[in-house]
1. What length, rounded to one decimal in nm, is gained on full extension from LYS293 through to LEU247, with 0.36 nm per residue of separation minus their alpha-carbon distance?
2. Check each of the trypsin sites (Lys or Arg not before Pro) in the stretch 469-573 and keep only those in coil by DSSP with at most 16 other C-beta atoms within 10 angstrom; list them in order.
3. Taking +1 at the Cβ of each Lys and Arg and -1 at the Cβ of each Asp and Glu, which of VAL339, GLY379, SER361 sits farthest along the dipole of the stretch 335-379 towards its positive end, judged by Cα position relative to the Cα centre?
4. Measuring from label point to label point, each 7 Å out along Cα→Cβ, what is the LYS482 to TYR300 span in nm?
5. Simple spin-label model, 7 Å along Cα-to-Cβ: TYR456 to GLU558 in nm?
6. Do the alpha carbons of any pairs in LYS452/LYS551; LYS490/LYS559; LYS55/LYS490; LYS293/LYS452; LYS293/LYS551 sit beyond 26 Å of each other, and which pairs?
7. FRET efficiency for ASN438 and ASN52, Cβ-Cβ distance as r, R0 = 60 Å, nearest 0.05?
8. Stokes-Einstein at 20 °C, 1.002 mPa s, Kirkwood radius from Cα pairs: D for the stretch 418-573 in µm² s⁻¹?
Amino acid sequence: MPSRKFADGEVVRGRWPGSSLYYEVEILSHDSTSQLYTVKYKDGTELELKENDIKPLTSFRQRKGGSTSSSPSRRRGSRSRSRSRSPGRPPKSARRSASASHQADIKEARREVEVKLTPLILKPFGNSISRYNGEPEHIERNDAPHKNTQEKFNLSQESSYIATQYSLRPRKEEVKLKEIDSKEEKYIAKELAVRTFEVTPIRAKDLEFGGVPGVFLIMFGLPVFLFLLLLMCKQKDPSLLNFPPPLPALYELWETRVFGVYLLWFLIQVLFYLLPIGKVVEGTPLIDGRRLKYRLNGFYAFILTSAVIGTSLFQGVEFHYVYSHFLQFALAATVFCVVLSVYLYVRSLKAPRNDLSPASSGNAVYDFFIGRELNPRIGTFDLKYFCELRPGLIGWEALLTTMDIIHDGFGFMLAFGDLVWVPFIYSFQAFYLVSHPNEVSWPMASLIIVLKLCGYVIFRGANSQKNAFRKNPSDPKLAHLKTIHTSTGKNLLVSGWWGFVRHPNYLGDLIMALAWSLPCGFNHILPYFYIIYFTMLLVHREARDEYHCKKKYGVAWEKYRQRVPYRIFPYIY
């Protein structure tokens with residue numbers, strides 16, 4: 001077993017993942033299997049680092065003989081001076097051409113810039129480019145603009161030294177930046193900034209949904225379970241005592257014409273999506289700082305869809321065809337989802353690293369499920385954004401700041417959820433009522449409508465408040481909201497809807513789900529599968545949020561949990 005270099009409790013410098021910044025950390029533990037150290041930063045954030053990402057405090061002492069490179073102004077004026085000759089420097093006759101040498105120096109300098117060390121303090125992340133999932137890291141609204149690097153880092157007396165010129169490379173291999181002109185220096189600085197955005201694949205123990213075995217069972221189990229539910233619903237007595245229902249032959253479930261109708265529906269929605277109407281907005285910053293543009297014309301697509309359906313009804317089209325071929329449509333959507341997922345995975349193999357999802361792991365099965373590419377696009381056509389909103393669910397609000405868009409890739413999970421699970425499970429109550437009608441009194445109907453509206457107000461209000469705050473936390477309209485500042489520079493809302501429970505949008509969603517189920521009466525539990533499943537889904541999703549936020553915000557998240565103790569249901573959970 002290899003020996004460990006650092007002991008528990010030892011104070012060292014740890015590199016922040018995805019960047020070249022080193023900060024003071026305390027060694028908490030060491031995993032002999034993975035050879036990873038668990039370290040704790042000053043703000044309480046705990047991360048696991050490799051041994052080569054940890055350095056002793058003594059290795060950061062500033063050199064006494066001056067810096068290894070001069071200031072930018074001196075470097076720009078030094079190009080006409082003769083270059084000092086190091087012991088290993090070949091004579092002029094054996095030197096490479098000026099151009100080749102110059103390019104090699106640039107390449108070496110880029111490598112050197114990547115290992116430059118910066119002073120200790122965790123606070124500067126508020127104005128740095130460290131990201132977890134591509135969300136914008138906003139500066140606290142009362143912070144004044146920083147004038148220089150010293151002010152930005154707010155160094156303590158203990159760490160007021162400057163180590164930015166210290167290199168881990170032997171001195172004979174150092175390349176003096178004074179040989180590089182200002183244009184090339186800017187390029188290197190930009191390249192360094194981009195590198196700090198890079199996504200590091202998650203480790204096997206951090207995989208969600210039960211890891212590879214779990215996602216394998218989900219991919220095969222959910223389609224089967226969906227068809228069993230629909231078959232149960234078509235029975236005269238949909239009691240759970242009659243489970244499993246009789247299974248039809250495979251040829252009864254597949255009809256080419258139905259598949260063609262499904263493709264026609266999909267293409268019509270694509271056409272409506274591509275219409276040059278509606279405003280264009282920018283999404284949250286990606287890991288390389290870019291912001292993708294999205295056209296918001298879902299309302300117009302809904303109006304056009306309604307007009308097409310109304311015209312079809314006027315022309316005598318029988319929409320009973322959809323109900324009588326519901327199982328065939330479900331299978332057609334499933335086949336389309338699988339083909340789309342294969343395409344998404346294959347195209348992601350050629351995607352640049354910066355385009356990959358923070359949730360991707362490097363495991364083919366897991367990445368096929370969770371999605372490797374974060375925002376797959378064909379030209380300006382965004383596949384994930386379109387499938388999330390149009391074919392299966394038109395009208396979802398404030399999507400661009402949700403976990404689906406900014407964290408999860410586009411793979412089988414979202415493709416199946418958007419194109420199969422949502423349209424065929426979220427309409428399950430209507431499918432049930434066709435075969436098992438239930439009379440509802442006017443008082444009961446009024447109560448259900450009020451319940452639905454209350455859920456919608458909570459859901460819409462919470463999502464709109466969060467979306468507005470993430471887009472512009474300095475908006476005067478949000479000045480009354482209380483916040484907790486985090487070490488990343490991003491603020492957490494602790495008032496308004498988000499001071500009520502930690503996920504008020506989930507609470508509103510569940511209230512609406514209950515309102516959709518109540519018209520089915522209480523003769524069978526089957527139509528209440530929607531609310532039961534949805535509760536399990538959102539509790540699991542909340543646990544995912546909790547894990548990511550605790551890892552990202554550290555002590556600030558603990559403060560938020562103390563201020564807002566209930567997760568979804570006030571005084572219950």
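Bear in mind that the values in this text are calculations on the coordinates, not laboratory data. Keep in mind that what you see is a predicted model, and the values were worked out from it rather than measured. Positions of Cβ are generated from backbone atoms using ideal geometry, with glycine treated the same way; all protein chains shown enter the neighbour counts.
1. Details: separation 46, 0.36 × 46 = 16.56 nm, distance 4.63 nm.
My answer for the length gained is 11.9 nm.
2. Listed in order of number, the matching sites are LYS482.
3. GLY379
4. 4.4 nm
5. Simple spin-label model gives 4.3 nm for this pair.
6. Working: LYS452/LYS551 35 Å; LYS490/LYS559 14 Å; LYS55/LYS490 28 Å; LYS293/LYS452 33 Å; LYS293/LYS551 29 Å.
LYS452/LYS551; LYS55/LYS490; LYS293/LYS452; LYS293/LYS551, as the Cα separations exceed 26 Å there.
7. On the way: r = 66 Å, r/R0 = 1.10.
It comes out at approximately 0.35.
8. Working: Rh = 17.5 Å.
The calculation lands on 123 µm²/s.
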